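For reference, the structure discussed in these notes is given below.
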Amino acid sequence: MTSTRREFLATAGAVAVAAAASAKDANSRLRVALVGLGGRATAHIRCLLELARENVELAAVCDVDSDLLRSRVEEIEKKTGKKPAAYDDMRRVFDDKSIDAVSFSTPNHWHCLGTIWACQAGKDVYVEKPLSHNIHEGRVTVEVARKTGRLVQHGTQCRSSPNIRQAIEQLHKGVIGRVYMARGMAYKVRPSLGKIPTGQPPASLNLDRWCGPAPLNNYAVKLKAGQWHCLWDYGNGEIGNQGVHQMDIIRWGLKLDEHPSKVQSMGGLYVNKGDQQTPGVQVASFQYRNRDLLVDFAVRDWYTPCEGGIGDQYPFVDNRNAVGVIFFGTEGYLIIPDYSSYYTFLGPKREPGPSASDRSDPMVDLPHFRNFIAAVRSRKASDLTADVEEGHKSSVMCHLANIAYRLGRTLEFDPEKERFVNDAEADKHLSRVYREPYVLPARV
């Protein structure tokens with residue numbers, strides 16, 4: 001995409017046309033395109049096909065790997081009897097005026113730029129977590145969504161879980177008293193990345209488009225399976241991959257509507273070595289202005305005991321890992337051990353209090369997609385359970401933790417300016433160098 005075209009899409013005229021183009025009433029068919037057909041795309045396909053009975057069509061798919069693209073087209077055609085349009089370049093999806101919305105399940109480094117281009121082309125967006133690869137592009141994405149009037153749903157699907165919503169209501173009503181601390185955890189046994197092989201990618205993979213705004217590296221051939229999460233050019237480590245879900249729940253439960261003002265983080269690669277860059281073990285702590293509480297988060301990538309019953313007595317969705325949140329209050333504590341359950345324990349004897357659990361739909365993907373579609377029809381961002389602004393704020397917590405880890409020191413952050421306080425070295429991590437032509441718009 002040329003800079004001239006990017007600037008044109010950003011003009012007020014283009015915005016007005018885009019806003020008018022996708023107004024849909026409750027009886028209109030919504031045509032959705034899915035960009036990025038790797039592992040997480042399986043859930044997107046399942047949900048979008050399930051929503052066909054609600055007049056939603058998975059009309060197009062896109063991937064830069066021709067073998068994967070062909071396989072997904074065949075899969076969808078077999079399930080529906082209809083072959084979706086197939087694209088190997090997301091920009092062609094945005095050019096397709098018949099597409100109303102785009103669902104992104106690409107690697108992290110593509111989330112914001114893809115969302116921005118889609119919004120500028122008049123498409124509403126469902127984008128996987130974390131919203132952003134860095135803090136600056138997250139803010140630009142929020143501004144573009146607002147400027148264009150597009151609906152952008154962030155893939156923190158716990159926001160659409162009835163039981164998690166009930167848990168948050170209980171917290172806000174004071175079921176465990178005043179919350180003085182919240183702790184998130186992502187204890188997931190992860191295999192070693194090992195040594196990344198060099199050499200040319202397979203003929204089926206367009207390496208330039210896979211890397212996009214990131215540096216062009218041949219070793220992306222091995223990163224298709226999700227190993228890109230542990231390399232800084234493409235991912236944000238486990239705290240950005242899994243942790244953003246729990247960061248989001250913590251923010252929601254504590255009504256943390258502004259960014260932290262102080263963050264520290266330590267860790268390293270203590271078990272798995274190889275070429276992994278992000279920490280396998282990480283501890284991060286956050287403080288907020290005018291809030292008498294502490295937030296912390298822990299990542300562990302190998303064998304570990306569970307905590308607060310999370311992972312053993314109350315297993316995670318995969319029955320192997322320990323992932324969740326603990327809210328500590330003056331009258332007890334509340335745990336959220338998965339995407340659809342919560343439990344409270346009150347008083348010095350930890351007596352069971354209000355709780356709810358439903359393992360029938362452990363990932364809660366379908367309700368989140370259904371909420372997105374409803375908001376697209378209503379044209380009200382307030383109807384989204386995980387609006388782009390919420391996704392930005394939760395992703396920022398992960399980015400702050402990683403920056404503090406990489407610099408090895410405590411950082412002070414200005415929540416309003418979204419910059420570090422008198423720290424030019426830390427500010428360099430607010431954005432990245434974008435590779436032409438995959439760059440953020442010069443103006444919103």
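In the chain, the longest principal axis of the Cα atoms and the axis of helix 135-148 are about 60 degrees apart.
Pairs with C-alpha atoms separated by more than 26 Å, drawn from the list 195/393; 78/380; 188/273; 262/428; 195/262, are 195/393; 78/380; 195/262. Structural descriptor for the chain: relative contact order 20 percent, calculated from alpha carbon pairs under 8 angstrom and at least 6 residues apart. Sorting 343-349, 281-287 by average packing, meaning the other beta carbons within 10 Å per residue, from highest down gives 281-287, 343-349.
Using the Cα gyration tensor of the stretch 332-444, with a ≥ b ≥ c the square roots of its eigenvalues, what is the shape: rounded (a/c below 1.5), prolate (a/b larger than b/c) or oblate (neither)? Here the stretch 332-444 falls in the oblate category. Please give me the summed charge of the neighbours of residue 413: other residues whose Cβ is under 12 Å from its Cβ, Lys and Arg +1, Asp and Glu -1. Every neighbour counted, the sum reads -3. Relative to the longest principal axis of the Cα atoms of the chain, the long axis of helix 66-80 makes an angle of roughly 90 degrees.
Using a cut-off of 11 Å between beta-carbons, work out the net charge of the residues near residue 45 (Lys and Arg +1, Asp and Glu -1, residue 45 not included).
Numbers: positive: 40, 46, 72, 79; negative: 50, 75, 365.
Its environment carries a net charge of +1.
The calculated Kirkwood hydrodynamic radius for the chain is 22.3 Å, given to one decimal from all distinct C-alpha pairs. In a DSSP loop and with at most 12 other Cβ atoms within 10 Å, the trypsin sites (Lys or Arg not before Pro) in the stretch 70-162 are 82, 97. Taking each DSSP H run with n ≥ 4 as -39500 (n - 2.57) and averaging over every residue of the chain yields -9500 deg cm²/dmol at 222 nm. Relative to the longest principal axis of the Cα atoms of the chain, helix 111-120 runs at roughly 50 degrees. Within the shell of other residues whose beta carbon sits under 14 angstrom from the beta carbon of residue 77, the net charge comes to +3, with Lys and Arg scored +1 and Asp and Glu -1.
Coordinate-derived values only; no laboratory data. Quantities reported herein were computed from a predicted structural model and do not represent experimental measurements. Note: ideal-geometry Cβ built from the backbone for every residue, glycine included; neighbour counts use all protein chains shown.
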